[in-house]
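Step one of this worksheet: look at the structure below.
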Amino acid sequence: MQETTMRLKDFSYELPQELIAQSPLEDRSSSRLMVMDRKTGEVSHHHFYEIVDFLHPGDCLVLNNTKVIPARLYGEKKETKAAVEILLLERKENDIWETLVRPGKKIKPGAILSFGDGRLIGEVLSTTEDGNRFIRFSYQGIFEEILDQLGQMPLPPYIHEKLKDKTRYQTVYAKEEGSAAAPTAGLHFTPELLEKIKNKGIEIAEVTLHVGLGTFRPVKTENILEHHMHTERYFVSEAAAMTINRVKENGGRVISVGTTSCRTLESAAENGRLTAKSGDTDIFIYPGYQFQIMDALITNFHLPESTLLMLVSAFSNREKILRAYQTAVKEQYRFFSFGDAMLIH
């Protein structure tokens, strides 16, 4: 049974700033890998390319194949030439997007915004309850091509270095456009490593969850159970559901690559089976949650007091996870989006 009170500060830990990775390693799979037994809390230290040694024939690796769009645009207010920055959050219909606008208070409905010397024009239609703006875009040509030329990758706020290569904030298997942030556990895989995994007899299933910027939204309620999760769009195909259900029936493990894959699986679960479905999920996984589908998790190291740290604590145990994080700090692992990885099994 889940508790009625859980304190935010119980999910805190000390992290030196210098351990926050600012750029990706040259070789994706050479990052470090902490392997943790979720029952005992014991950890061992490896490199990510050794992940294949911890996967068994008959297991299934679940990848989130969402693709990050270059969602950050810099432009100006047409009337005043004042600088403006927007983040595309979600396409609502045709050329209308829900966006996050800075400076927020000064951009009112009716304002016309210009990007790339007028190659992309945005008209602010309305403001949402939480201060986001609906903007209708007009342009000549193909929106995605213009965005690719004008937009920048929406890196998390704790990354201060400019990204030299856009593809490095993208998994090698990304295909379904729609994310405002990368499913970062997948950044460690290379095509060669995935081939090795397949050749060992491990199934690969792809699901889609479009990661929203809400993933970085801090928990502001002292009792975490009062926190309201953002919603994200997800899709589970018939083929993925069949593969995953077959693996479970045959006694194999379902291994989520990242918390986004985990949230997708658990959102589409019914009575211990995966259903092919799509929709919006605001599932909040914290200690006490009973997992229906996931048997192991590959993930990065998460921010203190974040919902993602609560999810990994639910999969193992809060004390064991925090102890593992203390070890990671002591051993100088790299943290967050471009940082090192962890296998919890």
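Total residues in the stretch 212-248 satisfying the condition of being of a type in the set (A, V, I, L, M, F, W, C) and out of contact with any strand residue (DSSP E or B) (no Cβ under 9 Å at 6 or more places or on another chain): the figure is 3. The residues in the stretch 314-326 that are of a type outside the set (D, E, K, R), over 10 Å from residue 344 (Cβ atoms) and outside any loop (DSSP other than H, G, I, E, B) can be counted, and the count is 4.
With respect to (1) surrounded by 14 or more Cβ atoms within 10 Å (Cβ to Cβ); (2) touching an Asp or Glu at 6+ places or on another chain (Cβ under 8 Å); (3) in a strand (DSSP E or B), the lone exception for residue 121 is condition (2). Tell me which residues, restricted to the stretch 1-43, are closer than 14 Å to residue 287 by Cβ and in a helix (DSSP H, G or I). Of everything in the stretch 1-43, those that are closer than 14 Å to residue 287 by Cβ and in a helix (DSSP H, G or I) turn out to be 8, 10, 11. Could you say whether any residue in the stretch 132-148 is in contact with a helix residue (DSSP H, G or I) (Cβ under 7 Å, 6 or more places away or on another chain), not in a strand (DSSP E or B) and not basic (Lys, Arg)? No: zero hits. Taking first residues from the stretch 126-147 that are assigned by TED's automatic domain parsing to the domain that holds residue 230 and closer than 15 Å to residue 89 by Cβ and partners that are surrounded by fewer than 18 Cβ atoms within 10 Å (Cβ to Cβ) and among the β-branched types (Val, Ile, Thr), no Cβ contact under 9 Å between residues at least 6 apart in sequence or on separate chains turns up. One residue alone among 209, 187 is buried (at least 20 other Cβ atoms within 10 Å of the Cβ), modelled with pLDDT of 90 or more, out of contact with any strand residue (DSSP E or B) (no Cβ under 6 Å at 6 or more places or on another chain) and of a type in the set (A, V, I, L, M, F, W, C), and that residue is 187. Looking only at residues in the stretch 225-269 that are within 17 Å of residue 307 (Cβ to Cβ), crowded, with 19+ Cβ neighbours inside 10 Å and hydrophobic (A, V, I, L, M, F, W, C), the one that is farthest from the chain's Cα centre (by Cα) is 265.
Among the residues of this structure, residue 45 counts as one that is farther than 23 Å from residue 178 by Cβ, surrounded by fewer than 18 Cβ atoms within 10 Å (Cβ to Cβ), touching a residue at least 60 places away in the same chain (Cβ under 8 Å) and touching a strand residue (DSSP E or B) at 6+ places or on another chain (Cβ under 7 Å). If you check 298, 293 for being assigned to a loop (DSSP other than H, G, I, E, B), in contact with a helix residue (DSSP H, G or I) (Cβ under 6 Å, 6 or more places away or on another chain) and not polar (S, T, N, Q), only one passes: 293. Scanning the stretch 272-290 for residues that are within 24 Å of residue 226 (Cα to Cα) and not in a loop (DSSP other than H, G, I, E, B) returns 279, 280, 281.
Close contacts from the stretch 266-282, counting a first residue that is of a type in the set (Val, Ile, Thr) and a second that is outside any strand (DSSP E or B), with Cβ to Cβ under 8 Å and a gap of 6+ residues or different chains, come to 275/241; 275/268; 281/231; 281/263; 281/264; 281/267.
Of all residues in the stretch 179-193, those that are farther than 12 Å from residue 209 by Cβ and among the aromatic types (Phe, Trp, Tyr) have Cβ atoms under 9 Å from Cβ atoms of residues that are at pLDDT 95 or above and surrounded by fewer than 22 Cβ atoms within 10 Å (Cβ to Cβ), 6 or more apart or on another chain, in 189/28; 189/29; 189/172; 189/173; 189/197. Residues in the stretch 77-91 that are in a strand (DSSP E or B) and among the charged types (D, E, K, R): 77, 85, 90, 91.
Checked against the criteria, residue 61 counts as part of a strand (DSSP E or B) and in the same structural domain as residue 194 (by TED's automatic domain parsing).
The values are calculated or read from the model by the stated rules, or taken from the named source; none is laboratory data. The shown structure was predicted, so the numbers you read here are calculated from the model rather than taken from an experiment. All Cβ positions, even for glycine, are placed from backbone atoms using ideal geometry, and neighbour counts span all protein chains on display.
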